[in-house]
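Q: This structure is in structure tokens; I'll ask about it shortly.
The values are calculated or read from the model by the stated rules, or taken from the named source; none is laboratory data. Computed from a predicted model, the values in this text were never measured in an experiment. Every residue, glycine among them, receives a Cβ derived from its backbone with ideal geometry; neighbour counts consider all protein chains shown.
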Amino acid sequence: MSSPKEVKDDRKYTKDHEWAQTEGNELLVGITAFAVDALGDITLVSLDIKVGDAVTAGKTFGTIESVKTLSDLFAPVSGKVTRINAALENNPELINEDPWGKGWMVAIAPDAGESDLLDAKSYADHLSHSDH
């Protein structure tokens, strides 16, 4: 399992502990190892969107449930949903096992730039000042 303080240099972050990684013309979106550690064992991912839907940066697109809590998932950018990770429906534990890879949730074709997203260093700084 990943270290909760692990930060990957190849993606951008939100202060809500989502990551966004550029893949061609879309951004893959997931939650960070820090979020996974805080949540504990993930039991359900509920996405309130489908392919073709528009999402707005900072607005919820679903929830993630764990043995500890229920948390909202926030879109890191505005854009159109291009793919959804269907594997999470029956295997939400993929997020615990591989939050940086197989545990991705949605892919979004962004409307505009990623200006509000943090780079890896800024996110690492944010983690160092968080309560955990």
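Q: What is the residue count in region 73-115 for residues that are out of contact with any Lys or Arg (no Cβ under 9 Å at 6 or more places or on another chain), farther than 25 Å from Leu44 by Cα and either surrounded by 14 or more Cβ atoms within 10 Å (Cβ to Cβ) or touching a residue at least 24 places away in the same chain (Cβ under 8 Å) (or both)?
A: Qualifying residue count, region 73-115: 1.
Q: On to the next question. Going by the structure shown, is Gly103 of a type in the set (Gly, Ala, Ser), assigned to a loop (DSSP other than H, G, I, E, B), modelled with pLDDT of 95 or more and in contact with a strand residue (DSSP E or B) (Cβ under 9 Å, 6 or more places away or on another chain)?
A: Values: of a type in the set (Gly, Ala, Ser): yes; assigned to a loop (DSSP other than H, G, I, E, B): yes; modelled with pLDDT of 95 or more: yes; in contact with a strand residue (DSSP E or B) (Cβ under 9 Å, 6 or more places away or on another chain): yes.
Here the answer is yes, as Gly103 does meet what is asked.
Q: Scanning region 1-27 for residues that are of a type in the set (A, V, I, L, M, F, W, C) and crowded, with 19+ Cβ neighbours inside 10 Å, which turns out farthest from Trp100 (Cα to Cα)?
A: The initial filter retains those residues of region 1-27 that are of a type in the set (A, V, I, L, M, F, W, C), namely 1, 7, 19-20, 27.
From what's left, crowded, with 19+ Cβ neighbours inside 10 Å: 7, 19-20, 27.
Details: Val7: 10, Trp19: 8, Ala20: 10, Leu27: 13 Å.
Going through the qualifying residues, I end up with Leu27.
Q: Just one of Val81, Val51, Val77 is in contact with a strand residue (DSSP E or B) (Cβ under 9 Å, 6 or more places away or on another chain), assigned to a strand (DSSP E or B) and closer than 20 Å to Gly24 by Cβ; which is it?
A: Criteria check complete, one pass: Val81.
Q: Say whether the condition of being of a type in the set (A, V, I, L, M, F, W, C), part of a strand (DSSP E or B) and within 19 Å of Asp10 (Cα to Cα) is met by at least one residue in region 112-129. Even if it seems obvious, please write down each step before you answer.
A: Here is the first cut: in region 112-129, the residues of a type in the set (A, V, I, L, M, F, W, C) are 112, 117-118, 120, 124, 127.
Now drop any that are not part of a strand (DSSP E or B), which leaves 118.
Subsequent filtering for residues that are within 19 Å of Asp10 (Cα to Cα) retains 118.
Yes, the conditions are met somewhere in region 112-129.
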